[in-house]
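See below for the structure under consideration.
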Amino acid sequence: MKKPFDLLREVARFGASQGVSLNDPAMPAAFGLHVDDSMKQAMSDPAFLQGLRAEAMFENLVTSLGEVMMIKPEDTGPLQSAVPMQAPDFRIVLKDGSNWLVEVKNVYVQNAFRQRRKILSRNYRRGLNNYSQATGGTLKLAVFWARWSIWTLIDPERLAPGDQDLTLDMMEAVKASEMAAVGDQTLALRAPLTLRLTMDPDRTSEIGEDGRVLVTIGKAQLFCDGKELLHPHDQQIAWTVMNYSDWETPDARAKVDGNRLISIEFESNPPELSYQGFEMAGSLSRMFAHYYAQRTMSGDEVVDINVPVQSEWFGSLRVSTGLGRMPLWRFLLQPNYEDF
């Protein structure tokens, strides 16, 4: 069992602020009331909860993508400094040794076509810059544009040098995004994707007069453009796209022979077909955002902060060997700062 270092530090800080020692019999009850009050305050602040959720999502996304040497929270514990400093949310070390300090922001703008917001004030940015210079890291800014479920990762110094206020437009951020450096990519594949559930004829009843049937599934198959996917990594990729991309899966289609149910099929397609030989399925980070929303949101309410990482999703993309693999197109967006 891991020793409760973080908990004990919090208890000690609380005790110091209240003049209560660790071995005081009143400490457990007093700290419990403090936690209860803090929880009530936090749960009544939707913007605070959305910010924490975005931070946790970014950490889990980068971990799931599996393309960095390490990621760790940076803004933990007290900070004593000779000049104003603000620790960013995370430190990331890339595989090439680059050392990034990443500040994460959640942005929600109701107008879907005017996604522009002041992200960093001058003083807050100065604190981030001072910390980055003192610790030898390059400051980056990760923004989750919640209205579109889009992640961008930019270098604020290249967009607006110095300690000035930073206002960001989503389209500018997408153009300059460095998400590919942490493993993000956009996928394309052939449509449709089909999940076929074939019934076990010996353990599936006939269709009754009331339309009811007791079913036992004998076989589950995934198809891409009519070709069965046999490799487990292809199956994982297809399943992820069907569940978490913007492709649409209408109601199930049943195949019936007389009074026997033969199979049920779910077919997934992009909203509009391009007829160019492949169809865009979206970025890995956006699929992960959809997955995260399903497990942390209920309507507009945050119901959880953390969910399990999904390393097996993206691990499947790193394996290209095997016979008869599914055709897959991958696009890695490179940052463009030239017009800023």
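May I ask you to sort Ile262, Ile237 by Cβ crowding, counting other Cβ atoms within 10 Å and putting the fewest first?
In increasing order of surrounding Cβ atoms, one gets Ile262, Ile237.
Show me 275-288, 144-157 ranked by packing, highest mean number of other Cβ atoms within 10 Å first. Walk me through the numbers before you get to the answer.
Values: 275-288: 19.2, 144-157: 20.8.
Output ranking for 275-288, 144-157: 144-157, 275-288.
Compute for the stretch 46-182: radius of gyration divided by Kirkwood radius, i.e. Rg/Rh, restricted to C-alpha atoms, rounded to two decimals. Walk me through the numbers on the way to the answer.
On the way: Rg = 14.3 Å, Rh = 15.3 Å.
Computed over Cα atoms, the ratio is 0.94.
Which of the aspartates and glutamates could a cross-linker span from Lys40 if the Cα-Cα distance has to be under 17 Å and same-chain partners fewer than 8 positions apart are dropped?
Glu301, Asp304
Can you pick out the pairs among Lys3/Lys95; Lys72/Lys175; Lys72/Lys140; Lys140/Lys175; Lys3/Lys105 whose Cα atoms lie more than 20 Å from each other?
Numbers: Lys3/Lys95 31 Å; Lys72/Lys175 27 Å; Lys72/Lys140 15 Å; Lys140/Lys175 15 Å; Lys3/Lys105 31 Å.
Beyond 20 Å between Cα atoms: Lys3/Lys95; Lys72/Lys175; Lys3/Lys105.
Show me the ranking of peptides 42-51, 66-75, 164-173 by mean Cβ neighbours inside 10 Å, starting with the highest.
Numbers: 42-51: 13.2, 66-75: 15.0, 164-173: 17.2.
Final packing ranking: 164-173, 66-75, 42-51.
Highest mean first, how do 121-132, 220-231 rank when packing is the count of other Cβ atoms within 10 Å averaged over residues? Before the final figure, lay out the partial values.
Numbers: 121-132: 18.1, 220-231: 15.3.
Going by the mean number of other Cβ atoms within 10 Å, highest first, we get 121-132, 220-231.
With a sphere of radius 11 Å drawn around the Cβ of Ser149, what net charge do the other residues whose Cβ falls strictly inside it have (Lys, Arg +1; Asp, Glu -1)? Show your work: numbers first, answer last.
Details: positive: Arg147, Arg286; negative: Asp246.
In short, +1.
Size of the chain along its principal axes in angstrom, Cα-based, largest extent first?
80, 60, 41
With an 8 Å Cα cut-off and a minimum separation of 6 or more residues, compute the relative contact order for the chain in percent. Intermediate values should be presented prior to the final figure.
On the way: 566 pairs, mean separation 61.4, N = 340.
Worked out over the chain, it gives 18 percent.
With a cut-off of 8 Å between alpha carbons and a minimum separation of six or more residues, what is the relative contact order of the stretch 127-218 in percent? Display every interim value, and only then the final one.
Numbers: 71 pairs, mean separation 15.0, N = 92.
So the answer I get is 16 percent.
Tally the DSSP beta bridges in the chain and give the antiparallel ones as a percent, rounded to 5.
On the way: 49 of 57 bridges.
Beta bridges within the chain, antiparallel portion: roughly 85 percent.
Could you state the number of Å between the C-alpha centres of the stretch 180-220 and the stretch 277-306?
For the stretch 277-306 versus the stretch 180-220, the Cα centre distance is 22 Å.
Restricting to DSSP loop positions (anything but H, G, I, E, B) with no more than 16 other Cβ atoms inside 10 Å of their own Cβ, which GluC sites (Glu not before Pro) remain in the stretch 292-340?
Values: sites: Glu301, Glu312, Glu338; in loops: Glu338.
Filter output for the stretch 292-340: Glu338.
Any read-out appearing in this document is the output of simple, stated calculations on the displayed coordinates, not a laboratory observation. Everything quoted here is computed from the prediction, not taken from an experiment. Counting neighbours? That spans all protein chains shown, and the Cβs are built from the backbone with ideal geometry, glycine included.
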